[in-house]
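Enquirer: Please see the structure below; I have some questions.
The values are calculated or read from the model by the stated rules, or taken from the named source; none is laboratory data. Remember, it's a predicted structure, so these values are computed and weren't measured experimentally. Every residue, glycine as well, gets a Cβ built from its backbone with ideal geometry; the counts of neighbours run over all protein chains shown. For accessibility, only protein heavy atoms count, side chains too; no ligands or nucleic acids. Shrake-Rupley method; radii C 1.70, N 1.55, O 1.52, S 1.80 Å.
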Amino acid sequence: MKCGRCRQPAVIEVRRHNAGYCRECFVRHCGEQVRRAIEHFDMIQPGERILVAVSGGKDSLGLWQLLRDLGYDADGLYVGLGIGEYSEESARYARDFAAARAWKLLEIDVVSEYGFDIEGGSRAAKRAPCSGCGLSKRHIFNEAALRDGYDVLATGHNLDDEAAVLFGNVLRWETEFLGRQHPVLPAAPGFVRKVKPLIRLSERELAAYCVLTNIDYIVEECPMAAGNRHLGYKNMLNEIEERSPGTKAAFVFGFLERAHDKFTDEVAEARDDLRPCSECGSPTPGDICAFCRMRARAVGARIEVRPAEVRPVEVGSAS
Ligand code: Q46
Ligand code: ZN
């Protein structure tokens, strides 16, 4: 097979695009997909400061590299979740990647900063580990980006992730989650803008991008991922994609173009009910946000309010 752009021998075929690429054209293709996603969804304005949530995996390290190559001012944030050896090793990949490029990497360790690890926190809050983990990451990413004055938080969710989450939300008709499922969540009081610039690239394309550009990433999956629903949905969607290339992209982009705005009213209503958490200041529908409740249960005591965490939040209508 030959590269569809330059006719050199192809190193990868992307069936969804019915195209093969040589190394150089494939790297350009990945940059182009990110550039188009940013432009189409109006994710980032020139000159804005970006904080990239990095886990040491292919998606987040690939994203950081792609954003820098496109000329963006992007720093990294690694959150240590206290998941034993997996966390130690993933931190090493994130640190080595940043150090080799002399890029700024912020680090937050959940255990030393907040006094619990993901397994303990999730157990105490009677949540599945990935649910407690997701809640913690969302909270910590948002808090760090606001505290350090970043304009936008970028995460490495790729097309496969978005298709799997959409699939799960549709199966259960989680209408509020469907209203929030978008590659750009605008800034609102207490919330930094969040973007997903990899939405046009698949997991396989990201893995190939990292291999072809010599990005060393942690290959092992998080040990807690085994058996989670999300992974099951990904496997099912892969079977469909195998038979019918392009289905995942049609599913996700069809939803965004034709259905997403039918679910946004509910999100706006939920945002209207938010007020600052009495512990940390983050917007919440109750007195204390879910993260602070989980933390309090995990450490077995009512937590102290730390001055650095308290930010007054103006509560207004959703943007
Ligand atoms: S890190 Fe956290 Fe993932 Fe591990 S515990 Fe689940 S959510 S699988 S991306
Ligand atoms: Zn809180």
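Enquirer: Being more than 16 Å from ligand 2 (Cβ to nearest atom) and either among the acidic types (Asp, Glu) or farther than 24 Å from residue 285 by Cβ (or both) narrows it down to one residue among 178, 237; which is it?
Expert: Of the residues listed, the single one that is more than 16 Å from ligand 2 (Cβ to nearest atom) and either among the acidic types (Asp, Glu) or farther than 24 Å from residue 285 by Cβ (or both) is 237.
Enquirer: Just to check your reading of the model, which residue among 140, 108 is closer than 24 Å to residue 96 by Cβ, open to solvent by less than 20 Å² (accessible area, probe 1.4 Å) and part of a helix (DSSP H, G or I)?
Expert: Selected residue: 140, the only one of 140, 108 that is closer than 24 Å to residue 96 by Cβ, open to solvent by less than 20 Å² (accessible area, probe 1.4 Å) and part of a helix (DSSP H, G or I).
Enquirer: Looking at 53, 37, which one is hydrophobic (A, V, I, L, M, F, W, C), closer than 28 Å to residue 151 by Cα, in contact with a helix residue (DSSP H, G or I) (Cβ under 9 Å, 6 or more places away or on another chain) and in contact (Cβ under 8 Å) with a residue 24 or more places away in the chain?
Expert: Exactly one of 53, 37 is hydrophobic (A, V, I, L, M, F, W, C), closer than 28 Å to residue 151 by Cα, in contact with a helix residue (DSSP H, G or I) (Cβ under 9 Å, 6 or more places away or on another chain) and in contact (Cβ under 8 Å) with a residue 24 or more places away in the chain, namely 53.
Enquirer: Restricting attention to the range 11-70, which residues are under 19 Å from the mean Cα position of the chain (by Cα), on the phi < 0 side of the Ramachandran plot and small (Gly, Ala, Ser)?
Expert: Correct list: 31, 37, 53, 55, 57, 60, 62.
Enquirer: What's the number of the condition residue 79 fails, among (1) away from ligand 1 (no atom under 12 Å from the Cβ); (2) touching a Lys or Arg at 6+ places or on another chain (Cβ under 7 Å)?
Expert: (1)
Enquirer: Quickly run through the range 219-237 and pick out the residues that are open to solvent by less than 70 Å² (accessible area, probe 1.4 Å) and out of contact with any Lys or Arg (no Cβ under 8 Å at 6 or more places or on another chain).
Expert: 222, 224, 225, 228, 230, 231, 232, 233, 234
Enquirer: Right, next: Restricting the search to the range 238-253, which residues are hydrophobic (A, V, I, L, M, F, W, C) and either under 12 Å from residue 17 (Cα atoms) or open to solvent by 50 Å² or more (accessible area, probe 1.4 Å) (or both)?
Expert: Listed by number, the residues that qualify are 240, 249, 250, 251.
Enquirer: Any residue at all in the range 168-187 that's open to solvent by 50 Å² or more (accessible area, probe 1.4 Å), modelled with pLDDT under 95 and of a type in the set (Asp, Glu)?
Expert: yes
Enquirer: Being open to solvent by 30 Å² or more (accessible area, probe 1.4 Å), within 22 Å of residue 141 (Cα to Cα) and within 16 Å of ligand 2 (Cβ to nearest atom): is that true of residue 113 here?
Expert: yes
Enquirer: Something else now. Only one of (1) within 19 Å of residue 204 (Cα to Cα); (2) at pLDDT 95 or above is not met by residue 263, so which one is it?
Expert: (1)
Enquirer: Follow-up. Anything in the range 51-89 that is in contact with a strand residue (DSSP E or B) (Cβ under 8 Å, 6 or more places away or on another chain), part of a helix (DSSP H, G or I) and buried (at least 19 other Cβ atoms within 10 Å of the Cβ)? List them, or say none.
Expert: 60, 61, 63, 64, 67, 87
Enquirer: Then there's this: Checking the conditions here, which among 225, 164 is more than 24 Å from residue 17 (Cα to Cα) and in contact with a Leu (Cβ under 9 Å, 6 or more places away or on another chain)?
Expert: Only one candidate passes the filter, namely 225.
Enquirer: Would you mention how many residues in the range 143-155 are farther than 15 Å from residue 280 by Cα, crowded, with 19+ Cβ neighbours inside 10 Å and not β-branched (Val, Ile, Thr)?
Expert: So the count comes out to 3.
Enquirer: Next question, about the same structure. Can you tell me which residue among 223, 245 is touching a residue at least 60 places away in the same chain (Cβ under 8 Å), within 16 Å of ligand 1 (Cβ to nearest atom), farther than 18 Å from residue 165 by Cβ and of a type outside the set (Lys, Arg)?
Expert: The match here is 223.
Enquirer: Any residue at all in the range 198-214 that's at pLDDT 95 or above, within 12 Å of ligand 1 (Cβ to nearest atom) and under 29 Å from residue 24 (Cα atoms)?
Expert: No, the range 198-214 contains no residue that is at pLDDT 95 or above, within 12 Å of ligand 1 (Cβ to nearest atom) and under 29 Å from residue 24 (Cα atoms).
Enquirer: So which residues in the range 71-89 are farther than 24 Å from residue 146 by Cβ and in contact (Cβ under 8 Å) with a residue 12 or more places away in the chain, if there are any at all?
Expert: 83, 84, 86, 89
Enquirer: To continue, here is another question. If a residue has to be over 18 Å from residue 211 (Cβ atoms) and surrounded by fewer than 14 Cβ atoms within 10 Å (Cβ to Cβ) to count, how many in the range 2-14 make the cut?
Expert: Count: 3.
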